[in-house]
Structure formats: structure tokens, C-alpha cells
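Okay, structure first, notes after.
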Protein chains: 2
Amino acid sequence: MANLLDHIQPTLLMGPGPSCVYQEVYAAMAKPTLGHLDPYFIRIMDAIKVQLRTVMNTKNELTLPMSGTGSAGMETAFVNLVEKGDRVLVLINGVFGKRMQDVASRLGAEVDVLEFEWGTPVLPEVVAEHLKKSSYDIVGIIHAETSTGVRNPVQEIGDLVAKTGALYVVDCVTSLGGIPVTMDSWHCDVLYSGTQKCLSCPPGLSPVSFSDKALEKLKKRKTKVPNWYLDLSLIMNYWEGHTRAYHHTAPINMLYGLYQALDMVLAEGLPAVFKRHEEMHQLLAKGLENLGISFYVAPEYRLPQLNAVTIPAGVDEAAVRSRLLDEFHIEIGSGLGPLAGKIWRIGLMGHTARPENVERLLAALKKCL
Amino acid sequence: MANLLDHIQPTLLMGPGPSCVYQEVYAAMAKPTLGHLDPYFIRIMDAIKVQLRTVMNTKNELTLPMSGTGSAGMETAFVNLVEKGDRVLVLINGVFGKRMQDVASRLGAEVDVLEFEWGTPVLPEVVAEHLKKSSYDIVGIIHAETSTGVRNPVQEIGDLVAKTGALYVVDCVTSLGGIPVTMDSWHCDVLYSGTQKCLSCPPGLSPVSFSDKALEKLKKRKTKVPNWYLDLSLIMNYWEGHTRAYHHTAPINMLYGLYQALDMVLAEGLPAVFKRHEEMHQLLAKGLENLGISFYVAPEYRLPQLNAVTIPAGVDEAAVRSRLLDEFHIEIGSGLGPLAGKIWRIGLMGHTARPENVERLLAALKKCL
């Protein structure tokens, strides 16, 4: 049988992730595998922790990539913190907020939600009012809601949560490396992300960070973490300290890729990276306007890296996406859940956010409409 | 700062995994990332399922790689099957049996264990006697106990378990691709493995397979799987059927690597692969004998791919391992748990199992002793 890998068509990834990968990251992943306890590999692990703290703007010692994709990061956040009966508030305005509710509920938490219209942000005044009446162990929110393209006001919400004593969990899967993420200034206790969005690395790892306060809750648990694979109290003994204790075999080559991706983001400089995302967003917005395509989200809440746009009336949205993929080798995303058939999601994440890519998409889209 | 990846020293991986990776697998992982819903990528996913069924010798429809390392496979097996109060019997003769006990216990199972001396196999007659007295929902065992180098009699145990109605879970992390794995003939209901042992792919994925009987237990659960990330009832909707529903973003490039690794194992042919492992084991055994090093396990229970050997009296075992790594760029493994300081573990897994590698290790070991 023919080898399918010989016929992969390089594709411009302009959906909600994965995004285009730096050539240097592909090369990094193809470097020789080392043992997971090899002292040189441990040096690479230590360097990754420092890189992650820099991009997250945190001083948290417990900062490391989990051995799963972004959703494993969400699972890690809640499975390590939640004990049966803990009260959790999830702020929802899209698919990933819903997922957070599901994840926390499965773990035995008492979950309340505040739901906001999809395509609009979580409103701090509503949250403030609610927090006056009810107290929680954990409050969770999505920074960049990938299903709608909305940027949530995580700083304002963080200021509110900090006054209550609750732990503050922020999903930064789509934000990290695309817009500023300042974990410590947000009073954020648990942050998690993914590699396949604005970090321009293939999917497979989930960077997470736990504050001292979150770590304290983990250490004071009355019951073991009901998930051996994601138990940070064990995993930290592999990622920290002088003697590294084997837990599971780390995904060595994926970690090479992450190291390289972070190295490139930091070499470009975070301010320059954010500026590039913003400029490419403006370039795309102008081009879409010329095509008569409008945004689903109000300007002040738009994510530069994830552009949710309304499908023009009378357009067969799936046919356009298929033609973009088959004829022009460009992938864009469909809507999820209640937004299926209503929006496209155009990603400008990380290495994808380049003028030539924006122009290539606009030209192709023009032909397809 | 210098890029650490530029100075990775290619290392001959002769520990308990990861093993040496085929050059073609590195190249596969560096192929362009596709979207996780790209129809061409779905063809690759479908091909991987067929490849996995072939190496596992199963007809199970639900056969796919989980997005985590081998230990995530163990977690997947138990988190999908166990409901609170389920009775589980774990047959233990090493670290990974112990881990199985821990994983199942954390999920609320009532866990009984039968423990056998480390370095010796699980004894079917003891299991038979025990199963006359007690009934279980699940019985778990490790096929190739990586911590001791023992091959357990999984066929004999499977014949016993099949008579009881319990589900039979077999850990094949270190066996798959190294010695025969015949899931259906074992009456095995859940099998899981890893990529970084005898499949010669970097760590990062865990192939699993569920029988119809195991799937039925999953479908009849009274409670949701308490782990969203590993919930097979959701994941199967991404890996099966005509409409693929997004669950989490699959680790695309790792899957390219697995596809390529399986392609190479199947091109060589499973009988030839097993013969090569056995021959390399004999070559190593003869060389070690000449050096006065003896095996920890009786000949009839030895795994060809994982050779546990007794450290000669008076030898500083850590110093020898360090010298092998630093001077000869060869990694071998230390003992785990109660066997730390007592044994070395020499892996001959997958692509590592070549005469030139065995000879290189023997020559280096001779200089170090």
C-alpha cells in the first residue's frame, strides 16, 4: 500500500488551530530522542519552564507542559483542585466555557454558571453582583473564547475574584502568544494553554501554571487526585528538584518542538508578536470589509488571532470551505454548536499571522464567493 | 542564549524506553501539520486504526491511539470502565502492576490484589484458586512487566478470566511489537500500549483497543466518565463514522510518526520482528555471560526486549550508567522501587534490537566493569 504521508498537501492553516508551524519547530521535533531522565534532556525541561514563565508573566515555580493537548490542561486544572462538593463558578460565553462546566461537574464539583450571550464578553458587573451573594472555591473563565472570537475581561474578573478568596482558573489555550497574558497581575491561580495555537507548534502538549495558593489546595487535599496520569503532586517530582523521579515517559520530541517554538516567540519579542497579530487582524478586517463580510463580534472584544465572521446570506458555507481547502489549500474553521452554519472562524495565530497569508486567503475567498 | 537543541548528542537508547527511533519516523513527524478535521488527515487516522488492529490481532472496531503517553492508556482503560464500587482484581509482580492498583483505586474501585515475587511471573494456578472464591468486574495484568523483565502468562490468565464474566485488561506497553500480542485469542477486553517501546516511535501516544463487551460496559454506565479528556464515548465520535465530531485537537504530527512506525513494523512483518528481538536477546545474553553478568529472571519468563540483569558485586551501578552515557553515548536503565541498585534494565526494543547495537553495548560495558 502507498504511504499516505508521501502525499500530504502542505496547507495554510487559518482555522481555529492547529496553526502554521515554524520550519524550525518541525526540524526540532526530528532531533534524536533522548531518554526522559538523561541529564541533558532535564536541562531542556528546565529551560522550557523558564520560557513558559516568561510568556505567561508569572513567577510560579509550578509551571510546566502537561503530556496531552490543551483540553488535558483544562482537565489538569480541575482534577487537581476539585474535591467532591467544592463550589465552582464557571463564566460561560461559548463552547469552551461549556466544556469547563462539564469537566468540573464530572469531578464532583457543585457547579454554578453565569452564561452570557455567545459573541459577547463576560460582563464584570454581572459577576461582581453574583459574587456578593454566593461564595466559591474556584471561579473559571476562558480568556480567548475560540468558538466565538471573543476576548474576555480576565483582568477585571480577576480583581473581583481575588477579593473573595476563590481560586481563579483562566483558560489561555488560544490567547498565549497572541495577546498579552499576564498571569500574576490577573491574580490568576491556574492557567493552561495549548501548543497548536499562537505558539505555532503542533498539538500535543498543554503548558500549565499553578500559583502557590493553588498548590496549597492541592497539597491539602483529603483524597488523592482521582487521575494518576495528571496528578501534579507526582508530576512535579519529575519536573522539579535535584532528583527527578520517573512518573510517565515525557513526550520528548514534542517537548523539543515546544522549546523551539518558545525560543522563536521570545526571540521575536512578545510586544512585536502581539503587534504582528494586531496588524494582521486589521489587514484581514479591511479585506473582508471590501468583500462585504462582517464580523460577528463588536470591535472592542475581538480577538486578533481568531476572527469570527458572519457567513454572507445565500452562501453554502461548507462548499466554500471545501473549495478553499481543495483548490487553494487553505483551511478555515466552521462554527461550533449554535454557531454552526452561521459563522466562519479565521485564525491568524502565531506563524500564520503573516501578510502573505492574509492576502492569499482574501484572494481565494474572493474567487469562492 | 544558545539553542540547547543544537547540542543534542545522539544516544543509543538501550534502557526501558524510549527506544531508538527509525529515521523515517523522525521524517514523518516533520511533515506539514494538517487540520484535525481535514479529510486527508482522517484517511491517515483510519489507516492507523487498521494498522493497530493488525499488530494487536484484534477485530475490535474501537481501536485507536489516545492523546497521551502509555500511562494515559492505563488511565483510559480504568476511567472508562470503573464505576464507584466496581470490584477489580490486579495481578501484581512489579511497578506497573502497582500503578494499576493505584489508578483503579483512585477511581473508586474496590481493588483486591494478588502479589507475586518481583522477577517471577504471575502464577495461573494461584489466580484460578482465587477466582473460585471471589468475583470481579475487572481483572488487570501487565503483559511485559517493564520493571522486572518478566513476561506474564496472559493467555492462561485470560482463559481463566473468560470463565468468570469479568472484563480482562492487559497492559501491553512494552510488549506490543516486541513479542506476540494476540488480543482476541487472549479473551482480552481492553488492551493499551505506548509508542516509545517496541514500535520505535517517540513517546506521546497510547494505542488502546476495547472489545464489544468493554464498550457495552462503557455505554451502560450510570455516571459520566469522570474524565472528559479520556472519555471514549466522546472520542469515538471523532475517530469513527462518517461525520467526525471535534473532541480535542489530535496530536497530528505524533500520529504521522505512529503511522510511519507501524508501517515499518508491518513491512518487516511481525514474525520477522519477533525473531529479530529473540535473536538479539540471545546475542546479548551470550555476551553478558562472557562478562560474568547474570539475568535476574528465569529463562522461560524473560522478555527478549527488556533484560533485567543483576549488578555484579562491588560495582557502582550509577557510575557505570553515567560512564556509558557520557563516554559511549549509550543509555541503559536502573532498577525501580525495591530493585533500585540491584538490577540494570537493558532494552532491546524495536529499532534498538540490532546486532551492531548489542555489540556496541557489550564492548562499552566491558570497558566500564
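Each value in this text was obtained by applying a stated rule to the coordinates, not by laboratory testing. Computed from a predicted model, the values in this text were never measured in an experiment. Quick reminder, even Gly has a Cβ in these numbers, built from the backbone with ideal geometry, and neighbours come from all protein chains shown.
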Residue-ordered couplings for segment A:295-301, obtained by feeding phi - 60° into the Karplus form 6.51 cos²θ - 1.76 cosθ + 1.60 and rounding to whole Hz (Gly and Pro as x), are 7, 7, 10, 4, x, 6, 10
Per 10 angstrom bin, beginning at 0 and ending with the bin that holds the maximum distance, the Cα pairs of the protein assembly as shown fall in percents of 3, 15, 25, 26, 19, 9, 3, 0, 0
Within-15-Å neighbourhood charge of B:Phe96 [Cβ basis; K, R +1; D, E -1] = 0
Per-pair calculated FRET efficiency, R0 = 56 Å: B:Glu289 and A:Glu268 via Cβ, rounded to 0.05 | 0.45
What number, in percent, do you get for the relative contact order of chain A if the mean sequence gap of Cα pairs under 8 Å and at least 6 apart is divided by its residue count?
-> 25
Please give the calculated 222 nm ellipticity per residue for the protein assembly as shown, where each DSSP H segment of at least 4 residues contributes -39500 (n - 2.57) and the sum is spread over every residue; nearest 500 deg cm²/dmol?
-> -12500 deg cm²/dmol
When Cβ neighbours within 10 Å are restricted to other protein chains, what is their mean count per residue of peptide B:25-31?
-> 6
For A:Glu61 and B:Gln9, extending 7 Å from Cα along the Cα-Cβ vector and measuring point to point gives, in nm, a value of 3.0
Label-point separation, B:Thr120 to A:Thr54 (7 Å along Cα→Cβ), nm = 5.6
Amide H partners (placed H, <5 Å) of B:Tyr168, local residues excluded = B:Val139, B:Asp189, B:Val190
Gain on full stretching of the segment that runs from A:Thr164 to A:Gln23 - 0.36 nm per residue minus C-alpha separation | 46.2 nm
Could you work out Rg/(2.2 N^0.38 Å) for segment B:222-369, with Rg from alpha carbons only?
-> 1.41
Around B:Val90, which amide H atoms from residues at least 5 apart in sequence, or from another chain, sit under 5 Å from its own amide H, with H modelled in the peptide plane?
-> B:Asp112, B:Val113, B:Leu114, B:Gly140
Check the straight Cα-Cα distances from B:Lys219 and name the aspartates and glutamates below 14 Å, setting aside those fewer than 8 residues away within the same chain.
-> B:Glu83, B:Asp231
What lysines sit close enough to B:Lys98 to cross-link, taking a C-alpha to C-alpha distance under 18 Å and skipping anything fewer than 8 places away on the same chain?
-> A:Lys224
Computed D for segment B:31-82, Stokes-Einstein, Kirkwood radius over alpha-carbon pairs, 25 °C, 0.890 mPa s, to the nearest µm² per second, is 194
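How much length would be gained if the chain were fully extended between B:Lys133 and B:Lys342, taking 0.36 nm per residue of separation minus their Cα-Cα distance, in nm to one decimal?
The B:Lys133-B:Lys342 span can extend by a further 71.6 nm.
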Pop out the ³J(HN,Hα) list for segment B:196-210 in order, Karplus 6.51 cos²θ - 1.76 cosθ + 1.60 with θ = phi - 60°, rounded to Hz; leave Gly and Pro as x.
-> 9, 10, 7, 8, 6, 10, x, x, x, 10, 10, x, 9, 9, 10
Partner shielding of A:65-75, taken as the mean number of other chain Cβ atoms within 10 Å, equals 5
Within-10-Å neighbourhood charge of B:Val358 [Cβ basis; K, R +1; D, E -1] | 0
Determine Rg/Rh for chain A; Rg is computed over alpha-carbon atoms and Rh is the Kirkwood hydrodynamic estimate from the same atoms.
-> 0.97
In segment A:88-132, if every C-alpha pair distance is counted and binned at 5 Å from zero, what percent goes to each bin?
-> 6, 23, 30, 21, 15, 5
At 7 Å along the Cα-to-beta-carbon direction for both B:Ala363 and A:Glu278, put a label point, then send me their distance in nm to one decimal.
-> 6.1
Under the Karplus relation 6.51 cos²θ - 1.76 cosθ + 1.60, θ = phi - 60°, what is the ordered set of whole-Hz ³J(HN,Hα) values for segment A:242-257, x standing for Gly and Pro?
-> 7, 9, 8, 8, 4, 10, 10, 6, 4, x, 3, 6, 4, 5, 4, x
